[in-house]
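Data block below; observations after.
The values are calculated or read from the model by the stated rules, or taken from the named source; none is laboratory data. This is a predicted model, so every value here is computed, not measured. Using ideal geometry, Cβ is built from the backbone for each residue, glycine included, and neighbour counts are taken over all protein chains shown.
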Amino acid sequence: MAVFCDFENVALGVRDAKYEKFDIKPVLERLLLKGSIVVKKAYCDWDRYKGFKAAMHEASFELIEIPHVRQSGKNSADIRLVVDALDLCYTKSHVDTFVIISGDSDFSPLVSKLRENAKKVIGVGVKKSTSDLLVANCDEFIFYDDLVREQQRALAKREQQRAGNGGAKRPDEPSRKPELEMRRAEAIALAVETFDALASERDDVGKIWASVLKSAIKRRKPDFNESYYGFRAFGNLLDEAQARGLLEVGRDDKSGAFVSRARHAVVAEPVAADAGAAQHAAPQHGA
């Protein structure tokens, strides 16, 4: 997929909604559940938003410098974004999903044109500053407000687990070095959060193949390697999450391992999203 960010629009929307400054990370984490991102561009007069440049560079965005000059009342950033998106649409047929991070209704014609060319369009914006017309035109719209709430719930859940030492330990579990235990807890938290996000994405709390879960984790954290966290294989990580009462693991003789929510685990509120986007991978054992 390709991501185009009208940075000033969303940054001002976040400010007006009284959130902390705009954070691109939860946006990318949600998008990576849907597939890989091959293009990231952000448009802005970056001299006015210097404090955000480092984070956007770290997220591998190409920062397109747009001087803050309006001609005929039209924002130059909007025009450049539209031109680049259409150019990509017509020249790179393998890019089938376009993400527009903005709440500006002026992008509605672009959305319509992309959809005419059989492209899926996902919008991202702040609820109070997003045009209803833009929301209606997109195939899917993700509100930044929902991502913030989801992030806050995940943080509270981690704090609760940390307070309880990550859940009850098995009687036969040997004492571990604190550093290793912290890494193991971090990996388990990542697996549980990714499972919750996938279940929310699919509007489903049923089983998710272990291979699908691991692929989603790798998209969110490309350097993920279970051995670093003290597990011989991904299946061992899932077994540990099950032992701590956070997930349940089952196995299918034909298709491999699958994961479901533990019966007594806290269920995160689903966030509005398109169902079924995450389970495109072939069901194989992800160990």
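Consider S36 carefully, then state whether it is within 15 Å of I122 (Cβ to Cβ) and hydroxyl-bearing (S, T, Y).
Working: within 15 Å of I122 (Cβ to Cβ): yes; hydroxyl-bearing (S, T, Y): yes.
Judged against the criteria, S36 is a match.
Read through the list (1) touching an Asp or Glu at 6+ places or on another chain (Cβ under 8 Å); (2) within 30 Å of I217 (Cβ to Cβ), then give the number of the only condition that V99 fails.
(1)
Of the numbered conditions (1) surrounded by fewer than 20 Cβ atoms within 10 Å (Cβ to Cβ); (2) more than 19 Å from the chain's Cα centre (by Cα), F224 fails exactly one; give the number of that condition.
Of everything listed in (1) surrounded by fewer than 20 Cβ atoms within 10 Å (Cβ to Cβ); (2) more than 19 Å from the chain's Cα centre (by Cα), F224 misses just condition (2).
Within segment 1-40, work out how many residues are free of Cβ contacts under 8 Å to residues at least 60 places away in the same chain, buried (at least 19 other Cβ atoms within 10 Å of the Cβ) and assigned to a strand (DSSP E or B).
Selection size over segment 1-40: 1.
So which residues in segment 177-213 are among the basic types (K, R) and not in a loop (DSSP other than H, G, I, E, B)? Give the steps one after another, and end with the answer.
Taking segment 177-213 first, the residues among the basic types (K, R) are 177, 183-184, 202, 207.
R183, R184 - these are the residues of segment 177-213 that are among the basic types (K, R) and not in a loop (DSSP other than H, G, I, E, B).
Quick one: which residue in L190, L238, L213 is closer than 30 Å to S60 by Cα, in contact with a strand residue (DSSP E or B) (Cβ under 7 Å, 6 or more places away or on another chain), at pLDDT 90 or above and aliphatic (A, V, I, L, M)? First the steps, then the outcome.
Details: L190 fails: in contact with a strand residue (DSSP E or B) (Cβ under 7 Å, 6 or more places away or on another chain); L238 fails: closer than 30 Å to S60 by Cα.
On inspection, the qualifying residue turns out to be L213.
Please indicate, with yes or no, whether at least one residue in segment 59-67 is without any contact (Cβ under 8 Å) to a residue 12 or more places away in the chain, loosely packed, with under 14 Cβ neighbours inside 10 Å and not polar (S, T, N, Q).
No, every residue in segment 59-67 fails to be without any contact (Cβ under 8 Å) to a residue 12 or more places away in the chain, loosely packed, with under 14 Cβ neighbours inside 10 Å and not polar (S, T, N, Q).
Can you work out which of the residues in segment 73-85 that are under 23 Å from L28 (Cβ atoms) and at pLDDT 95 or above is surrounded by the most Cβ atoms within 10 Å (Cβ to Cβ)?
So in segment 73-85, the residues under 23 Å from L28 (Cβ atoms) come out as 77-78, 80-82, 84-85.
Then keep just the ones that are at pLDDT 95 or above; that gives 81-82, 84-85.
Numbers: L81: 27, V82: 17, D84: 17, A85: 25.
Once the filter is applied, the top-ranked residue is L81.
Give the residue, chosen from D45, D84, that is in contact with a Pro (Cβ under 7 Å, 6 or more places away or on another chain) and over 24 Å from R149 (Cα atoms).
Details: D84 fails: in contact with a Pro (Cβ under 7 Å, 6 or more places away or on another chain).
Exactly one residue qualifies, and that residue is D45.
Restricting the first residue to segment 226-251 and requiring it to be over 18 Å from K177 (Cβ atoms), which pairs with a second residue that is part of a strand (DSSP E or B) and of a type in the set (S, T, N, Q) meet a Cβ separation below 9 Å and a spacing of at least six or different chains?
L247/S260; E248/S260; V249/S260; G250/S260
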